[in-house]
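I have placed the structure first, in the form of structure tokens, so that the comments after it can refer back to it.
The values are calculated or read from the model by the stated rules, or taken from the named source; none is laboratory data. Please read all numbers here as calculations on a predicted model, not as lab measurements. When we count neighbours, we look across all protein chains shown, and the Cβ atoms used for this are built from the backbone with ideal geometry, even at glycine. Side chains included, ligands, DNA and RNA excluded: accessible areas come from the protein's heavy atoms. Shrake-Rupley method; radii C 1.70, N 1.55, O 1.52, S 1.80 Å.
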Amino acid sequence: MTTPIDMAMIAALIGDPARANILSALTDGRAQTATELAYAARVSPQTTSGHLAKLTEARLLSVEKQGRHRYYRLASPLVGRMLESVMAVAAAAPPRHRSPSKIDDALRAGRTCYDHLAGRLGVALADALIAQHGIVLGEDGGEVTGAGSRILGGFGIDLAAAGQQRRTFCRPCIDWSERRPHLAGSIGAALASRCFELGWIERQRDSRAVTVTTRGRRGFAETFDLVLPPR
């Protein structure tokens with residue numbers, strides 16, 4: 001059973017600025033090396049090594065060895081969901097003065113939230129599926145309808161395989177920038193993966209922001225009746 005002490009330990013780990021930067025850098029679901037995470041954390045490699053050990057010991061991160069390198073990633077979708085929830089709470093806190101940046105704008109336009117789509121793109125895609133009666137979202141869960149099965153199956157998503165994963169099948173995730181839900185769970189992950197596979201979206205370098213391609217704009221309009229605003 002989780003105790004307040006356990007919660008305080010996890011909160012303390014996340015609360016350190018360098019560790020928060022490390023976790024934020026991994027919220028796109030991809031694995032990174034300690035060197036890459038030291039750059040994200042803005043601390044020395046030696047200090048980063050200590051932070052990574054603590055995060056791995058607490059099972060917030062997992063590590064894989066490939067040859068001479070170690071690759072770190074978030075330990076599970078549950079950790080990604082926790083971080084996104086913290087970001088949503090932080091976004092609702094009293095604003096701190098900071099000059100707006102192009103990075104902020106890019107993240108708000110479209111980004112990955114662990115392994116699914118977020119930002120205006122993710123919210124708009126969820127809205128489009130709801131408008132087509134493809135999904136129904138409640139406060140804590142969601143459902144893919146018969147119409148949704150046809151839409152998503154025609155899009156190339158294996159619903160049976162998505163349903164066999166050891167995670168929630170379909171659920172809303174409150175978007176920290178839009179304050180409205182985007183689609184998460186194995187269905188949200190499958191949608192994002194398929195969009196990457198088709199070349200509809202591309203990752204921006206050194207960021208979890210994504211860019212919708214010309215092919216993607218056409219595809220979103222034809223498949224989901226989702227017309228995206230001009231860039």
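Cα-based Rg of the chain per 2.2 N^0.38 Å, rounded to two decimals?
It is 1.04.
Relative to 2.2 N^0.38 Å, what does the C-alpha radius of gyration of segment 155-231 come to as a ratio? Two decimals please.
That works out to 1.17 for segment 155-231.
For the pair ALA11 and GLN165, how long in nm is the line joining their label points, each one 7 Å along Cα→Cβ?
3.0 nm
Quantify, in whole percent, the carbon and sulfur part of the accessible surface of segment 118-173 (1.4 Å probe; protein heavy atoms only).
49 percent
Above 17 Å lies some portion of the pair distances; for segment 119-176, what is it as a whole percent of all C-alpha pairs?
39 percent
Might you tell me the accessible area per residue for segment 100-211, computed with a 1.4 Å probe and given in Å²?
In whole numbers, segment 100-211 has 48 Å² accessible per residue.
Would you mind getting me the FRET efficiency between ALA88 and ARG59? Use the beta-carbon distance for r and R0 = 25 Å, nearest 0.05.
0.65
When the dipole is taken about the Cα centre of the chain, and only Lys, Arg (+1) and Asp, Glu (-1) are charged at their Cβ, what size is it in debye, to the nearest 20?
Computed about the Cα centre, the dipole is about 620 debye.
Quick one: in segment 96-222, what % of C-alpha pairs are over 23 Å apart?
The calculated P(r) of segment 96-222 puts 29 percent of pairs beyond 23 Å.
D for segment 1-97, whole µm²/s, Stokes-Einstein with Kirkwood Rh over alpha-carbon pairs at 20 °C and 1.002 mPa s: what number?
The Stokes-Einstein estimate is 153 µm²/s.
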